[in-house]
Amino acid sequence: MERLTVDDMKSIELEIMDEIDRVCRAHGVQYFLGYGSLLGAVRHGGFIPWDDDMDIVMMRDQYELLMANFNEWRTTERFKLVSYRDKSSIYRFAKIVDTTTVIYENFVGKKASTGVWVDVFPMEHFSEQQGPALLRQCQRVGLLRSFAVTDPSVGSNAFVKLIKRIVCPFVKNKDLYELAARLDEIALSMDKADPTSSRVVDVLGEGKLQKTCPADLFEPVRIPFEDREFFAPAGSEEYLTIQYGDWRTPPAENARPVHVMEAYRL
């Protein structure tokens, strides 16, 4: 297989985003750049130079539309939505992948491999009454899942490797699709608990109480990304401040994330 460089991966991710944008605009489905992709768009005019993936976020109802229809609406079979729901992915959120590629993540077992991807995260309406308990529940299930999916032979340091060797044998037989389904059920129950809430939260991505956002930030605007334009929240700067604090100042070089994936063209 041909090894892909980070620049190769970025080029493919832009092609995936072109397809997502094309499909969503044709069928009236609303998405937004999110997380590092939005940060890169606002601060760098495209990718964060040291980043190697793309993320979008969608309100739950729009997410379900895309989940149900993308593989029918797509204009080429090269790109595919994968999900735990049909056991094409072990992840709790959707990914749109390039089926002509494969990625192996350094800290995840090979059974989790997919193609080069764009991550798709649903945003749930936040329930003030039930939200904190649901987020804690999601974090507990998420921790169990992280041990079930991890590669116990690798770790960032000796202590992490020791913990994995102790814990992983107890969870290695857990059904990863059932764990993903459980996490999605918790997220859905959040959205249903207060569907008119003025705040939203990404339960499946980070699921942190302090990162709930005003729903009215998510009015769609087109913003530049590399040599293209994609949809972003009108309230991007406030969203980024909630997510990252001082996002305007790039981190020091020694604090920037390292590349933890190997990608190949099939």
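The values are calculated or read from the model by the stated rules, or taken from the named source; none is laboratory data. Just so it is clear, the structure is predicted and the values come from calculations on it, not from any experiment. Here the Cβ positions follow ideal geometry from the backbone for every residue, glycine too, while neighbour counts run over all protein chains shown.
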Qualifying residue in region 70-84 (condition: buried (at least 16 other Cβ atoms within 10 Å of the Cβ), closer than 22 Å to T212 by Cβ and small (G, A, S)): no
Is at least one residue of region 76-85 of a type in the set (D, E, K, R) and in a helix (DSSP H, G or I)? yes
Within region 4-22, count every residue that is in contact (Cβ under 8 Å) with a residue 24 or more places away in the chain and either acidic (D, E) or under 30 Å from D194 (Cβ atoms) (or both). 7
Among the numbered criteria (1) in a helix (DSSP H, G or I); (2) in contact (Cβ under 8 Å) with a residue 40 or more places away in the chain, which one does R92 miss? (1)
Going through region 3-44 one residue at a time, which ones are more than 17 Å from V116 (Cβ to Cβ) and among the β-branched types (V, I, T)? V23, V29, V42
Condition check for A68: closer than 15 Å to E185 by Cβ, in a helix (DSSP H, G or I) and either under 17 Å from the mean Cα position of the chain (by Cα) or of a type in the set (G, A, S) (or both): no
Long-range neighbours under 9 Å by Cβ, at least six apart or interchain, first residue closer than 20 Å to V221 by Cα and without any contact (Cβ under 8 Å) to a residue 12 or more places away in the chain within region 235-253, second aromatic (F, W, Y) and surrounded by 13 or more Cβ atoms within 10 Å (Cβ to Cβ): T241/W247
S89: passes all of (1) at pLDDT 90 or above; (2) out of contact with any helix residue (DSSP H, G or I) (no Cβ under 9 Å at 6 or more places or on another chain); (3) surrounded by 14 or more Cβ atoms within 10 Å (Cβ to Cβ) but (2)
Considering only region 14-29, state which residues are closer than 24 Å to L217 by Cβ and within 16 Å of the chain's Cα centre (by Cα). M17, I20
What pairs come up if the first residue lies in region 187-202 and is outside any helix (DSSP H, G or I), the second is β-branched (V, I, T), and their beta carbons are under 7 Å apart, counting only those six or more places apart or on different chains? R199/T212; V200/T212; V201/T212; D202/V57
So which residues in region 1-51 are among the polar types (S, T, N, Q), within 22 Å of V82 (Cβ to Cβ) and not in a helix (DSSP H, G or I), if there are any at all? Q30
May I ask you to list the residues in region 206-230 that are surrounded by fewer than 20 Cβ atoms within 10 Å (Cβ to Cβ), of a type outside the set (D, E), in contact (Cβ under 8 Å) with a residue 24 or more places away in the chain and under 23 Å from L14 (Cα atoms)? P220, I223, P224, R228
Quick check on my filter: what residues within region 243-266 are within 20 Å of the chain's Cα centre (by Cα) and either basic (K, R) or in a loop (DSSP other than H, G, I, E, B) (or both)? G245, W247, R256, P257, V258, H259, V260
Filter result for L240 (at pLDDT 95 or above, in contact with a Phe, Trp or Tyr (Cβ under 6 Å, 6 or more places away or on another chain) and either outside any helix (DSSP H, G or I) or of a type in the set (S, T, N, Q) (or both)): no
